[in-house]
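What follows is one structure encoded as structure tokens, with my remarks underneath.
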Amino acid sequence: MVFSFFKKKDAEPQKPEQKQPRIVQPKRADGSEVPPAATPEAHSPADGLSLDFTTMGQNTISSARIDVVESSEIISPAMEEAAICYANDQVDDAIAILAADLETVEGHHAFDTWLMLFDLYQMQGKRIEFEELALQFVVEFERSAPIWQDLGDPAKSSKKPQQAKAGGPFFQFPSVLGAENIETQLDQLEKLAAAGPVRVEFGKIVALDSSAAHAMLVRYAKFKKAKYKFQVSGATQFAALLQSRIEIMRRIDDEAPFWLLLMEVYQMLGLQEDFENTAVDYAVTFEVSPPSWDVATKAKTAAEVAAEEAKYQAEQAEAFESPPTDGYVFNGPIVAATEATFAGLHDYAADRMEVRIDFSRVPRVDFVSCGMLMNELVALTAQSKPIEIVGANELIVALFRIMGIAEVAKVVRKK
């Protein structure tokens, strides 16, 4: 049985009242609280900061209102429970809650409940259930239902290994990789890869330590055994970074993972000559047998790799040309977040008067990560920076409403 974590008011007041946004302090697995980045209580009126947030409501004019049509400002118990279940990766429970609620729900909550279930079916690849729900939706609302987004039918694929295409699932490693964040990053990548081919961006990495390189080696061996498919981008820049960390005849055990990871990158790119030269240098330096080239991999020249990279970059730009985004883009699920998860957002917002955040490539946000994001947004609002969040799916929108994010940022639903 699923219980609601939040109480609701019995009735909506006739006139909206001003209130402070609800700040939910998440807890880690060990029970300790995540320290807030900023909260309204951290600033007194003497600080000269205005934190006068306005209650959401039909009669309220506020930059923080949700831009929706045919939706209620109050989230129903079933919607709340489903959103929290999904945030905790309990997808089947979320589907069961919403499906059961459709049999009794009416009024303002109904439309949002249907949209949440549509999104769950789409993200889980449940096309039959989606289309059955669409038929019921047309009868219920006498209007067109959401359309299934066909991302490709695996049954129609050829025997040729499937490649990730620009515009599909996308994962980007952060600029700094170390023991404190590498496992979380690899967990996120593994969840994406388990569902299908993924485009992986290595080009933003500027620093990594030996433990991160070792973790990447271990996890990549697992990926190869599972036959996960990747389309890599920025790998030549990453190879150059790894090259800078090694030197022939400098035998330091902590540098061995850099050598081995560099050879994996060359294998991934198809650069056989670079692979074999590095393998010889590795064998001489560490006096051990080096890895062997996988003969199943097609060898390529550096010029061919550069041409492919340029093509992929052009495809990526075209895939996201419409609608354009001039905001900060999160890629992949945001789970088990750390400060590093939001470092890019912090840097992006530092020199901007307004902050726009694109969630169109985020399938899920967990409860703790959402609380940490709330703290980041409150800190930006304390600097008088308007915030707009676009492209989030219905489950994430519901979670944002539960956590109070919709009270400090304008949340624009995906089209």
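Summary of values
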read-out: Qualifying residue in the stretch 339-354 (condition: under 24 Å from residue 119 (Cα atoms) and touching a helix residue (DSSP H, G or I) at 6+ places or on another chain (Cβ under 7 Å)); value: no
read-out: In the stretch 180-204, the residues that are assigned to a loop (DSSP other than H, G, I, E, B) and at pLDDT 90 or above; value: 202
read-out: Extreme residue, surrounded by the fewest Cβ atoms within 10 Å (Cβ to Cβ), among residues of the stretch 364-403 that are among the basic types (Lys, Arg) and either under 19 Å from residue 344 (Cβ atoms) or in contact with a His (Cβ under 7 Å, 6 or more places away or on another chain) (or both); value: 385
read-out: Subset of the stretch 404-415 (residues that are within 18 Å of the chain's Cα centre (by Cα) and either in a helix (DSSP H, G or I) or buried (at least 21 other Cβ atoms within 10 Å of the Cβ) (or both)); value: 405, 411
read-out: The stretch 224-240: number of residues that are surrounded by fewer than 18 Cβ atoms within 10 Å (Cβ to Cβ) and not charged (D, E, K, R); value: 3
read-out: Helices (runs of 4 or more DSSP H) enclosed by the stretch 288-383 - at least 1 residues per element that are in contact with an Asp or Glu (Cβ under 6 Å, 6 or more places away or on another chain), of a type outside the set (Asp, Glu) and modelled with pLDDT of 90 or more; value: none
read-out: Test: residue in the stretch 348-361 that is within 11 Å of the chain's Cα centre (by Cα), outside the structural domain of residue 195 (by TED's automatic domain parsing) and surrounded by 20 or more Cβ atoms within 10 Å (Cβ to Cβ); value: yes
read-out: Residue ID - surrounded by the fewest Cβ atoms within 10 Å (Cβ to Cβ), chosen from residues in the stretch 95-113 that are outside any helix (DSSP H, G or I) and of a type in the set (Val, Ile, Thr); value: 104
read-out: The stretch 114-159: number of residues that are in a helix (DSSP H, G or I) and at pLDDT 80 or above; value: 24
read-out: Test: residue 92 is surrounded by 13 or more Cβ atoms within 10 Å (Cβ to Cβ), acidic (Asp, Glu) and within 21 Å of the chain's Cα centre (by Cα); value: no
read-out: From the options 228, 282, residue that is without any contact (Cβ under 8 Å) to a residue 40 or more places away in the chain and not in a loop (DSSP other than H, G, I, E, B); value: 282
read-out: Condition met for residue 272 (within 16 Å of residue 216 (Cα to Cα), free of Cβ contacts under 8 Å to residues at least 40 places away in the same chain and surrounded by 18 or more Cβ atoms within 10 Å (Cβ to Cβ)); value: no
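The values are calculated or read from the model by the stated rules, or taken from the named source; none is laboratory data. Computed from a prediction, not measured in an experiment: that's the story for all the values here. We place every Cβ from the backbone using ideal geometry, glycine too, and count neighbours over all the protein chains shown.
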